[in-house]
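Chemist: Take this structure first; my questions come after.
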Amino acid sequence: MEDIKIEDIINKAIQEKNAKREKREITSWHISGLGGCLRGQYFARLGEEPDYSFDSRTLRVFDMGNKTEEWLVDLLKTQKDIAKTETQVRVEDTKLGISGRVDLILEFRNERIVYEIKSKHSRSFWHMRKKGPQREHCIQLWTYLYLLGIDKGKLVYVSKDDLSIMEFEVNLNDEKLKNEVLMIIDLLNNAWKEKNPLLLPLPEKDSWQTKYCRYHKKCLKVGNNNN
């Protein structure tokens, strides 16, 4: 009789969960992807098959990130000074064609604050101390503030290795972020209306947007790039 292989059980569970998620029809632009490859967003919404599927290790990383977020949210819910907590709040704007889920909204001293929680491995976490928050995360959080009409939000980064924390504030009155976000949404909606992904900018060859986009081969096929 063979022994139980715990890794196989974990991999099967997360693969099944991911398969259900990827079967969902995409009918709007995901707010979490506004700072990434816009052509990748376009092809994903179009229902194209990605260049590759996530392997088990990557899915385990995603799952541990979710569990870190759940742990932190559950801890915050126990704090007596916090009047109210709202988690996984769905937001959308049908006119702009965007939607997403907010990690956490806290009501503290008569103020509502939006929190976006991101987990990192230790090396990436400490590198960020010099570099500052990732721009795509600022874009994501600002968009939530915009749709909710809340003035302030915080990006909370958690080191999965030792639970060290870094927080960065994002404000609704940040005009630079506002212009950037609305420009991105306008580009996506215009390309969708014209049925032309070439109207969307192509990321730099060595950028993280290109590296992590699962539709890069589709860009090569439609042309208009030098990668």
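A short reminder: the numbers here are calculations on the coordinates, not readings from a lab. What you see is a predicted model, and the numbers here were worked out from it, not measured in a lab. Counting neighbours? That spans all protein chains shown, and the Cβs are built from the backbone with ideal geometry, glycine included.
Chemist: Just give me the residues in segment 82-128 being under 13 Å from LYS152 (Cβ atoms) and of a type in the set (Phe, Trp, Tyr), in sequence order.
Modeler: Selection gives PHE108, TYR115.
Chemist: I would also like to ask the following. Can you tell me which condition ASN18 does not meet? The list is (1) closer than 21 Å to TYR215 by Cα; (2) surrounded by fewer than 17 Cβ atoms within 10 Å (Cβ to Cβ); (3) polar (S, T, N, Q), and all the others hold.
Modeler: Of the numbered conditions (1) closer than 21 Å to TYR215 by Cα; (2) surrounded by fewer than 17 Cβ atoms within 10 Å (Cβ to Cβ); (3) polar (S, T, N, Q), the odd one out for ASN18 is (2).
Chemist: Looking at ILE165, ILE150, which is the one that is of a type in the set (Val, Ile, Thr) and farther than 24 Å from TRP71 by Cα?
Modeler: Working: ILE165 fails: farther than 24 Å from TRP71 by Cα.
ILE150 is the lone residue from the list that is of a type in the set (Val, Ile, Thr) and farther than 24 Å from TRP71 by Cα.
Chemist: Only residues in segment 191-217 that are within 25 Å of PHE62 (Cα to Cα) and in contact (Cβ under 8 Å) with a residue 40 or more places away in the chain count as the first member; pair them with residues that are part of a loop (DSSP other than H, G, I, E, B) and among the acidic types (Asp, Glu), Cβ under 7 angstrom, at least 6 apart or cross-chain, and list the lot.
Modeler: THR210/GLU204; ARG214/ASP51; TYR215/GLU48; TYR215/ASP51; HIS216/ASP51; LYS217/ASP51
Chemist: Among the numbered criteria (1) among the charged types (D, E, K, R); (2) part of a helix (DSSP H, G or I); (3) farther than 19 Å from TRP208 by Cα; (4) in contact with a helix residue (DSSP H, G or I) (Cβ under 9 Å, 6 or more places away or on another chain), which single criterion is violated by ARG39?
Modeler: The failed condition is (3).
Chemist: Kindly indicate whether any position in segment 124-140 is part of a strand (DSSP E or B), free of Cβ contacts under 8 Å to residues at least 60 places away in the same chain and touching a strand residue (DSSP E or B) at 6+ places or on another chain (Cβ under 6 Å). Full working, then the answer.
Modeler: Applying the first criterion (part of a strand (DSSP E or B)) to segment 124-140 yields none.
No, segment 124-140 contains no residue that is part of a strand (DSSP E or B), free of Cβ contacts under 8 Å to residues at least 60 places away in the same chain and touching a strand residue (DSSP E or B) at 6+ places or on another chain (Cβ under 6 Å).
Chemist: Just for segment 42-57: of the residues that are more than 15 Å from the chain's Cα centre (by Cα) and either of a type in the set (Lys, Arg) or part of a helix (DSSP H, G or I) (or both), which one is surrounded by the fewest Cβ atoms within 10 Å (Cβ to Cβ)? Quick ask: steps written out before the conclusion?
Modeler: The first filter runs over segment 42-57 and keeps only residues more than 15 Å from the chain's Cα centre (by Cα), leaving 42-43, 45-57.
Subsequent filtering for residues that are either of a type in the set (Lys, Arg) or part of a helix (DSSP H, G or I) (or both) retains 42-43, 45-46, 56-57.
Details: TYR42: 24, PHE43: 23, ARG45: 18, LEU46: 13, SER56: 15, ARG57: 9.
It comes out as ARG57.
Chemist: Residues that are among the acidic types (Asp, Glu), at least 2 per element: which helices (runs of 4 or more DSSP H) completely within segment 161-227 meet that?
Modeler: It comes to 175-194.
Chemist: Something else now. Say whether the condition of being touching a strand residue (DSSP E or B) at 6+ places or on another chain (Cβ under 8 Å), surrounded by fewer than 19 Cβ atoms within 10 Å (Cβ to Cβ) and part of a helix (DSSP H, G or I) is met by at least one residue in segment 102-120.
Modeler: No; the residues of segment 102-120 include none that is touching a strand residue (DSSP E or B) at 6+ places or on another chain (Cβ under 8 Å), surrounded by fewer than 19 Cβ atoms within 10 Å (Cβ to Cβ) and part of a helix (DSSP H, G or I).
Chemist: For segment 144-158, how many residues meet the condition of being more than 17 Å from the chain's Cα centre (by Cα) and outside any loop (DSSP other than H, G, I, E, B)? Talk me through it step by step, then tell me what you get.
Modeler: Here is the first cut: in segment 144-158, the residues more than 17 Å from the chain's Cα centre (by Cα) are 148-152.
This time we only want the ones that are outside any loop (DSSP other than H, G, I, E, B), so: 148, 152.
Number of matching residues: 2.
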